[in-house]
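**Student:** Below you'll find the structure I mean.
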Amino acid sequence: MEQEYCPKNIEKYVQKYWKDNKTFHVYEDNTKEKYYCLPMLPYPSGRLHMGHVRNYTISDVIARYQRMLGKNVLQPIGWDAFGLPAEEAAIKNNIEPSSWTYKNIAYMKKQLELLGFSYDWDREITTCNPEYYKWEQWFFIQLYKKKLVYKKNSFVNWCPHDKTVLANEQVINGCCWRCQSTIEIKKIPQWFIKIRHYAESLYKDLDQLKNWPEKVKNMQKNWIGRSKGFEIFFNIQNTNKKIKIFTTRIDTIMGVTYIAISPFNKFSIYLSKKNKTLKQFIEKQNNANFSREEIEKIKFQGINTNMFAVHPITQKKIPIWIANFVINGYGSGAVMSVPGHNENDWNFAIKNNLKIKYVIQKSTKKNIKLVEKKFFPEKGKLINSREFDQLNYDDATKQIKKKLSEEKKIKTKIVYKLQDWCISRQRYWGAPIPMATLNNGKIVPIPEQDLPVLLPENKKDFNLLNNPSNNQSSYYNTSVNHQNAIREKDTFDTFMESSWYYARYTCPHFKKGMINPLASKYWLPVDQYIGGIEHAIMHLMYFRFYHKLLRDFKLVPFDEPVKNLICQGMVLSEAFYQIGKNNERNWIHKSNVNIQKNIKGEIVKAQDKMGKEIIYAGMIKMSKSKNNGIEPELIINNYGADTIRLFIMFAAPVEASLEWSESGLKGVYRFLKKLWKLSFDYIQTKHKYRNINFNLLSKKQKNMCHILHKTIYQVSDDISRRQSFNTAIAKIMELVNILRKFKLESEEDKCIMKDSLISITKMLYPFTPHLCFMIWKNLNKSFLIDHEKWPIFQKNFLLKINDILVVQINGRKKLTIEIPDNLIKKEIISYVKNSSLLQKKLENKNIKKIIYIPKKIINFVI
Ligand SMILES: [Zn+2]
């Protein structure tokens, strides 16, 4: 063992050992309990940032801890490799997206290895690999066969100059990012998966997720937007037809002044067959390409059908309007409009000069002037509602429902805001959608034996396909069952790949199918998933949805993919800027700032190298745009991977924001050096360990054993039950500091030192595995720590060895007494005075003086 702690040498040595021996490779082993620990897979942008390092460190700490509990731990990693940045970089650098992507993966993989994460590298998945997306295409065809996917027209951003579709991120202030043309909104045919079909179970099964953050579950609930409401049937005057509307507020039914129907509702389309103006209006809604301003302009447009519905209670006639604010996919595609109490209804009524009637009085304020010319969406007492006047919301709902039920004009209905998932992307760098159109216009899947439908990966094809003026590339000509066909040009949304990778990790090289049910049965569900809160809805919703699809195809077990979820906090760092000529902020990296701090460590002055003032913007999320990122590799070079890992886990609870601090990092580094020295000094004694008899130990020794076992007890609880890693680390640090003052004066002392070092090494191993690997190896002569068990505390050591005081009266020993922990002098004196043994002896006596020698004697002079 070297005398000085040298992380560079140690980490290189240990990482090579792990790699050569495939230490973290796992397979299904039914004799062992499994644990599946999964960090969200990264996008190969080129370099790891500190947010990645935090995410993967948390995951690795949990994986290593669970391994020490004796479990068979799977911790895989891979690459979410399709997506727009690769296409943009490829155009810029005139290379193909695949080579840009694979180059980035190689570099980031090296960075991950430098951080010592215990991945099973044999399971690495790269989603742009045909071996992976082949199964995604296969599964899409299965969904198509089960009628769970469909194609329909939907809106996209369209650049009229480049003649191409743009992703939302490529639209900047309503303009094309490339040519600055004003973009249009265009309707084109796209593929959808029926996630609405699963809305109820996606909502209901959130209750199963006891160990998911409440915040995430609430965000998902809002996105699904489940609400209970009613369908009400309005007769249409002078016909035998009925119109079905949806409302969540039947208490406002007496305030209905018109019926509004979506232009795409069946009834609208039926009417348009006889009415030319109507037909034109509907076509305009359906086909036109709008600019963003035009969309604002046409909001709340409508057309009067000149037909009337009959109010089911008052029997009065109500005009029927076709209105473009009504969404056909929500409820029944028709609403009873109550402009007095609903914002959309109000806006439409104002724009089209329709009647407004108020039927709810705000219950909080009496004598409110009703005709304030606005709407009140709140619940309250009914007015202008005949027999329902003065009823509150609950009673009114009940009574109106009863009345309409008697006439069979109402049904309870649950609706969802969740829309079907559009998975078509008009992009090159994605998995091709495995569908084709025959010459006769029929849409058919690509035959399964022809999968995968490959992406042209060479530069020539990429340039050709990415040229906006070349939409008719012969590349898409194909044949299906001996008939000429044109292949689907769109590719899958990249959320498709990240929705099922967790299941493929259980059998990454399985050739006979998408997922090996035996492997998924052993490894799933994921026991711990770790990722950023920004994935709370999109990714985590599609991920849960996909799992349910896979379950229904009997490919995975259970209803939910993940048991426990951690959403780690952001990484913040100090940010600085100067105001530029046009009042813009020019962000300056900290390394170019001279900083003055006060005694509290607060920044009081910042200047650039020329002495010009710089503004300190505070702690802000690390980002390129704020120029306040810290390169992980730089920190590894200066301090080692163990220091960065320990600092990240120590500086904040996992779900809180982490403030990057160089001095904090240095503190952690000093701690590791001290632990190294403590171990080195002990190992130099070449002491022979033997078991010790606790009863024969001195008070100093007993106390050290007590502190050690109390720490093991608390650290185990912090990590396992509370997932409170920062407090666990603080307790280990405290233990090391106490141990450094523990003098090795006897053989027993040395044994206790060794026991302590063994436990400390084990407890720190999940955080700083390289350093612990080496200390362990030297402490135990070549044994390996990677498969060691987590230390166990001994109950009899948990009892505190309290101080024992000799109690004297006038200098003569009367008795000895044990003093409870953590008392100050005043409390100790009063504790002794009031003890039952002494009370009698001091009764009615005048105490003149108390002499107290801490931890030894207390003498009462009477
Ligand atoms: Zn453009």
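**Student:** Hey, got the dipole for the chain? About the Cα centre, +1 on K and R Cβ, -1 on D and E Cβ, debye to the nearest 20? Could the numbers behind the result be given before it?
**Tutor:** Details: 139 positive and 82 negative charges, 592 e Å.
In total the dipole reaches around 2840 debye.
**Student:** Also, quick follow-up: Could you rank the peptides 570-578, 427-435, 242-250 by their average count of other C-beta atoms within 10 Å per residue, with the highest value first? Please list the in-between numbers first.
**Tutor:** Working: 570-578: 20.6, 427-435: 24.6, 242-250: 18.9.
Result, highest mean first: 427-435, 570-578, 242-250.
**Student:** Can you compute the modelled spin-label distance between residue 13 and residue 806, with each label point 7 Å from Cα toward Cβ, in nm?
**Tutor:** Between residue 13 and residue 806, the simple spin-label model gives 5.2 nm.
**Student:** Over the Cα atoms of the chain, each weighted equally, I'd like the Debye log10 I(q)/I(0) at q = 0.09 Å⁻¹, rounded to two decimals.
**Tutor:** Log10 I(q)/I(0), no solvent term: -1.09.
**Student:** Report the gain in length on full extension from residue 29 to residue 694: 0.36 nm times residue separation, minus Cα-Cα distance, nm rounded to one decimal.
**Tutor:** Computed gain between residue 29 and residue 694 is 235.4 nm.
**Student:** Hey, another quick one. Order of 104-114, 686-696 by packing, highest average Cβ count within 10 Å first?
**Tutor:** Descending mean neighbour count gives 104-114, 686-696.
**Student:** How big is region 182-263 along each principal axis, measuring the range of its Cα positions in Å and listing the largest first?
**Tutor:** Its Cα atoms span 57, 42, 26 Å along the three principal axes.
**Student:** Counting other C-beta atoms within 10 Å, which of 239, 182, 127 has the fewest, and how do the rest follow?
**Tutor:** Details: 239 10, 182 14, 127 26.
In order of increasing Cβ crowding within 10 Å: 239, 182, 127.
**Student:** What is the distance in Å between the Cα centroid of region 769-806 and that of region 1-77?
**Tutor:** Answer, in whole Å: 22.
**Student:** What is the Cα radius of gyration of region 51-149 over 2.2 N^0.38 Å, N being its residue count?
**Tutor:** Ratio of Cα Rg to 2.2 N^0.38 Å: 1.38.
**Student:** Calculate the spin-label point distance for residue 818 paired with residue 422, positioning each point 7 Å from the Cα along the beta-carbon direction, and give it in nanometres.
**Tutor:** Taking the two extended label points, one gets 7.4 nm.
**Student:** Take the alpha carbon gyration tensor of region 4-53, find the square roots of its eigenvalues, order them as a ≥ b ≥ c, and report rounded if a/c is under 1.5; if not, report prolate when a/b exceeds b/c, else oblate.
**Tutor:** In terms of gyration-tensor shape, oblate.
**Student:** Given the Cα-Cα distance of residue 88 and residue 146 and 0.36 nm per residue of separation, how much length would full extension add, in nm? Don't jump to the answer; show the numbers that get you there.
**Tutor:** Details: separation 58, 0.36 × 58 = 20.88 nm, distance 3.64 nm.
Contour length minus the Cα-Cα distance gives 17.2 nm.
**Student:** Still on this structure: Over region 543-612, calculate the relative contact order: mean separation of alpha carbon pairs under 8 Å at least 6 apart, over the residue count, as a percent.
**Tutor:** Contact order relative to length: 16 percent.
**Student:** Based only on other Cβ atoms within 10 Å, what is the fewest-to-most ordering of 164, 412?
**Tutor:** On the way: 164 20, 412 10.
The most exposed by this proxy come first: 412, 164.
**Student:** Jot down the radius of gyration and Dmax of region 1-121, Cα atoms only, both in angstrom.
**Tutor:** Cα only, region 1-121: 17.0, 53 Å (Rg, Dmax).
**Student:** For residue 181 and residue 486, what is the calculated FRET efficiency with R₀ set at 25 Å and r taken between the beta-carbons, to the nearest 0.05?
**Tutor:** 0.30
**Student:** Divide the volume of the convex hull of the Cα atoms of region 533-587 by its number of residues and quote the answer in cubic angstrom per residue. Don't skip to the end; give the middle numbers.
**Tutor:** Values: hull volume 6.2 nm³, N = 55.
Once divided by residue count, the hull of region 533-587 is 113 Å³.
**Student:** Another question, then. Out of all DSSP beta bridges in the chain, what portion is antiparallel? Express it as a percent rounded to 5.
**Tutor:** The antiparallel proportion sits near 80 percent.
**Student:** I'd like to compare 6-15, 723-732: which one has the highest average count of other Cβ atoms within 10 Å, and what's the full order after that?
**Tutor:** 723-732, 6-15
**Student:** Roughly what would the spin-label model give for residue 781 and residue 745, points 7 Å off Cα along C-beta, in nm?
**Tutor:** About 3.0 nm, to one decimal.
**Student:** Which listed residue (477, 397, 262) has the Cα farthest towards the positive end of the charge dipole for the chain, taking +1 on Lys and Arg C-beta and -1 on Asp and Glu C-beta about the Cα centre?
**Tutor:** The listed residue farthest towards the positive side: 397.
**Student:** Something else: For region 76-115, what is the Kirkwood hydrodynamic radius in Å, using each pair of distinct C-alpha atoms?
**Tutor:** On the way: mean 1/r = 0.0924 Å⁻¹.
Mean inverse Cα-Cα distance, inverted, gives 10.8 Å.
**Student:** Over region 571-626, what portion of Cα pair distances is larger than 15 Å, expressed as a whole percent?
**Tutor:** On the way: 734 of 1540 pairs.
Percentage above 15 Å: 48.
**Student:** Once you have a ≥ b ≥ c as the square roots of the Cα gyration tensor eigenvalues for region 148-306, tell me rounded if a/c is under 1.5, and otherwise prolate or oblate according to whether a/b is larger than b/c. Don't skip to the answer; put the middle values down first.
**Tutor:** Numbers: a/c = 2.08, a/b = 1.06, b/c = 1.96.
Here region 148-306 falls in the oblate category.
**Student:** Dividing the convex hull volume of the alpha carbon atoms of region 566-689 by its residue count, what do you get in Å³ per residue?
**Tutor:** 165
**Student:** Within a 10 angstrom radius of the beta carbon, how do 711, 397 rank from fewest other beta carbons to most? Could you put the intermediate results ahead of the total?
**Tutor:** On the way: 711 23, 397 18.
Fewest-to-most Cβ neighbours within 10 Å comes out as 397, 711.
**Student:** Give, as ranges by residue number, the residues of region 825-844 whose backbone N falls under 15 Å from the point 7 Å along Cα→Cβ of residue 852.
**Tutor:** Correct set: 825-835.
Read-outs throughout are calculated quantities, based only on the coordinates presented, and are distinct from any laboratory measurement. Remember, it's a predicted structure, so these values are computed and weren't measured experimentally. Heads up, the Cβs are rebuilt from the backbone with ideal geometry, glycines too, and the neighbour counts pull from every protein chain shown.
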